[in-house]
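The structure under discussion appears below in the form of structure tokens.
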Amino acid sequence: MRNRTFTALVFVSAFALIGATLLVKNEFYFQAAYTVLQFVVLATAWNILGGYTGYVNFGTAAFFAIGAYSTVVLYNAFKAPLPLSILAGTIVAGLAGLGVGYLTLRLRGVFFAIATLALSVVLYTFVVNWDYVGGARGAYVLAPREVPFGFSRYTHLLYAAMVLMAATALAVARAVETSKLGRGLAAIRDDELAAEASGVPTLRLKLVSTTLSGALMGMAGTTFPCYLSFVEPSSAFSLNYAVNSIAMPLIGGMMSWLGPLIGALLLGIVQQVVQVSVRSEWNLLIVGALLVVFVTLAPNGIMGWVSAWRRKRI
Amino acid sequence: MEAASIELFVNAIVAGLLLGGFYAAVSVGISISFGMLDVVNIAHPAFIILGSYIAYTVNARFGFDPILTSVVLSPLFFALGLLLYRIYYLCFEKRGQESLRGLAFFFGVLFITEVTLVLIFGVDYVQARTAYTDATERIAGIDFPLRLVVPFFVSLAMVIGLQFFLTRTFFGRAVLAVAQDQLALRLMGVDPVRVKGLAFALSIATAGVAGALLIVILPVQPSIGREYIGLVFAVCVLGGMGSIWGTLVGALVLGTAESFTATFFGPSWAPAVSFGLLLATLAFRPAGLFGR
């Protein structure tokens, strides 16, 4: 399938999904779907760097929070409308991704992973000490009195925005995967030295990859303050985002855009069910345990099973 | 400078050095596992917190000294380390997948340990009670809180002991050899996997003791282990990856830097120090202060 067809198809299904779910009356489902879709964006974004390029990013929360806090800044400055804050947050997080990549990608893979974790804590400390965005107390981002685009509630609008973001993330991931860029990234993942030696511009490709990945993570964060109308550093920088965005692609499969989608839907839905039925701490335990079980026993995830099963049939 | 600010300055240095001594105990395990064996055990701080809670439980129930308890129970941590390395070796190292999946594995172990502690003990802070918890010696206007002094000397003893063990014994030299050239070691008839397993177990055993030191110094809560991730790697990188003396110096530098930041800019900036220092070291001097 050509990328243009795929993108069109993804967006058509996204709009169909928005239209269909507006018939749903129970508010809980909107909330649950919003959270699951947020994980779809984060997992897909993580996979662009982690799965395609082979660099582990522990700093998902940092990029997510950059998106969230750029919304707070724009809200405090002039109560920016939602589309503008989404766009701005995406750009700022993308630039942050570029910067981080430039600073750290010349390091060996492991150091990159540790540096991204470090980035997360440094940014957290800055936000805690930054009074303009509320510091440790947090900040309020109130919904506008009239909901634009003809939605009956503000949460429905945010849900629709998240569906479109998930569609964007999937389209970008698939485009990267099938392009020349994706093949270059795969070469880096398999053997960086060999790729460099055969003329792949490794640093440049890695920078494109960190920028795209960071921008998409930031995008997912931009609606976070609006959704709860309140944001505080410890919730925006929660390490849960980091562990989930790593676990989901690893469980689904990292070689294609479908893997993170499957992983995110599966883990996201399981967590929603656990959240309403037992204590929410169990969520992290389940994610951690599934992560460990899958990396030890099924290194290629669910998609790995599928392709092994297909090979056996032929 | 006025007398008051000189006193503040000296107190900050003393507190920083004492804290740094404790940081050496926290990071020496990472210097072994990450610096020497190339096993990126990002879950090391979680085992430190596990050590804290074990020491706390024994202390609360029977009133035993937490540090002594941890030394007695260190074989338990050693066994845990052996088991963990066995899994890591069979599932990742043997298949050559340690870089990405091995890292994710330890990240998962970190969360499992942390959440299990939350489910058992809850999220409230706990602290051990000892005779020296609240005592402070005051010498020439400088405070020496005993809850920092005792861990400082225990930590120093552990680090010096490890250095002598690694450089003076046959097994210790084998560990250093694994870090340098595995093939050569194999040719000498030593199994590098066995040596790595024992050395990794040793690194986890230090985490148990460091955990007991931690609960003597500060109240502990399951998720504070995360704050130490940056610290242990910062010290390890600063100290030049796998040098025990380097770890000690790196820890003292970091402790002093944090103490100064807390004294002169406010405690809320302190967590950024270790991570900021780590980022700066990685960006500008990846070989560390004492790099090879």
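Read the figures in this text as sums done on the coordinates, not as results from a lab. Bear in mind that the values here come from a model prediction, so they are computed numbers and not experimental data. Positions of Cβ are backbone-derived with ideal geometry, glycine not excepted, and every protein chain shown enters the neighbour counts.
Using the Karplus relation 6.51 cos²θ - 1.76 cosθ + 1.60 with θ = phi - 60°, the per-residue 3J(HN,Hα) values for region B:138-143 come to 10, 10, 6, x, 10, 7 Hz, with x marking Gly and Pro. When A:TRP305, A:TRP257 are sorted by how many other C-beta atoms sit within 10 angstrom of their C-beta, beginning with the fewest, the order is A:TRP305, A:TRP257. Each stretch of four or more DSSP H residues adds -39500 (n - 2.57); spread over every residue of chain A, this sum gives -25500 deg cm²/dmol at 222 nm.
Considering only alpha-carbon pairs that sit under 8 angstrom and 6 or more positions apart, the relative contact order computed for chain A is 32 percent. Once you have a ≥ b ≥ c as the square roots of the Cα gyration tensor eigenvalues for region A:100-215, tell me rounded if a/c is under 1.5, and otherwise prolate or oblate according to whether a/b is larger than b/c. The shape class here is oblate. Mean-square fluctuations from a GNM of chain A, with a 10 angstrom spring cutoff on Cα atoms, peak among A:PHE11, A:PHE63, A:PHE237 at A:PHE11.
Mean per-residue shielding of peptide A:168-178 is 0, counting Cβ atoms of other chains within 10 Å of each Cβ.
Rounded to the nearest 500, the 222 nm mean residue ellipticity of chain B from helices alone is -24000 deg cm²/dmol, with -39,500 (n - 2.57) taken per DSSP H run of at least 4 residues. In order along region A:29-38, phi translates into HN-Hα couplings of 5, 5, 4, 5, 5, 4, 5, 5, 5, 4 Hz, rounded to whole numbers, per the Karplus curve 6.51 cos²θ - 1.76 cosθ + 1.60 with θ = phi - 60° and x for Gly and Pro.
Think of the protein assembly as shown as having a plus end and a minus end, set by charges on the Cβ of Lys, Arg, Asp and Glu; of B:PHE64, A:ALA242, A:VAL24, A:VAL24 sits farthest toward the positive end of this dipole.
Dipole check for the protein assembly as shown: with +1 at the C-beta of Lys and Arg, -1 at the C-beta of Asp and Glu, and the Cα centre as origin, the magnitude is about 1960 Debye.
Along the charge dipole of the protein assembly as shown, Cβ charges K/R +1 and D/E -1, which of A:LEU181, B:ILE120, A:ILE286 sits furthest on the positive end? Result: A:LEU181.
Sorting A:179-185, B:207-213 by average packing, meaning the other beta carbons within 10 Å per residue, from highest down gives B:207-213, A:179-185. Per-residue extension of 0.36 nm, minus the Cα-Cα distance of B:ASP181 and B:ILE139, leaves a gain of 10.2 nm for this segment. Database remark: amide H of A:PHE230 closer than 5 angstrom to the amide H of A:VAL141 (H placed geometrically; neighbours at sequence offset of 5 or more, or on other chains; Pro and chain starts carry no H).
Residue exposure proxy: B:ARG194, B:ARG226, ordered by other Cβ atoms within 10 angstrom of their Cβ from fewest to most, comes out as B:ARG194, B:ARG226. Cut-off 10 angstrom, C-alpha nodes, Gaussian network model of chain B. Which of B:THR69, B:THR116, B:THR130 fluctuates the most? Highest fluctuation of the listed residues: B:THR116.
Computed 3J(HN,Hα) for region A:60-66, one whole-Hz value per residue from the Karplus formula 6.51 cos²θ - 1.76 cosθ + 1.60 where θ = phi - 60°, is 3, 4, 5, 5, 4, 5, 4, glycine and proline marked x.
Look at the dipole of the protein assembly as shown built from charges on Cβ: of B:VAL149, A:LEU103, B:SER52, the Cα furthest out on the positive end belongs to A:LEU103.
Taking the Cα centre of region B:140-292 as reference, the dipole from Cβ charges on Lys and Arg (+1) and Asp and Glu (-1) amounts to some 420 debye.
Mean separation of Cα pairs under 8 Å and 6 or more residues apart, divided by the residue count, gives chain B a relative contact order of 38 percent. The mean count of C-beta atoms from other chains within 10 Å of the C-beta of residues in A:117-128, rounded to a whole number, is 6. Ranked for footprinting exposure by Cβ neighbours inside 10 Å, fewest first, B:PHE153, A:PHE111 give B:PHE153, A:PHE111. Short to long, the 20 Å bins of the Cα pair-distance histogram for the protein assembly as shown hold 19, 52, 26, 3, 0 percent of all pairs.
Peptide B:218-227 shows a mean partner chain C-beta count of 1 within 10 Å per residue C-beta.
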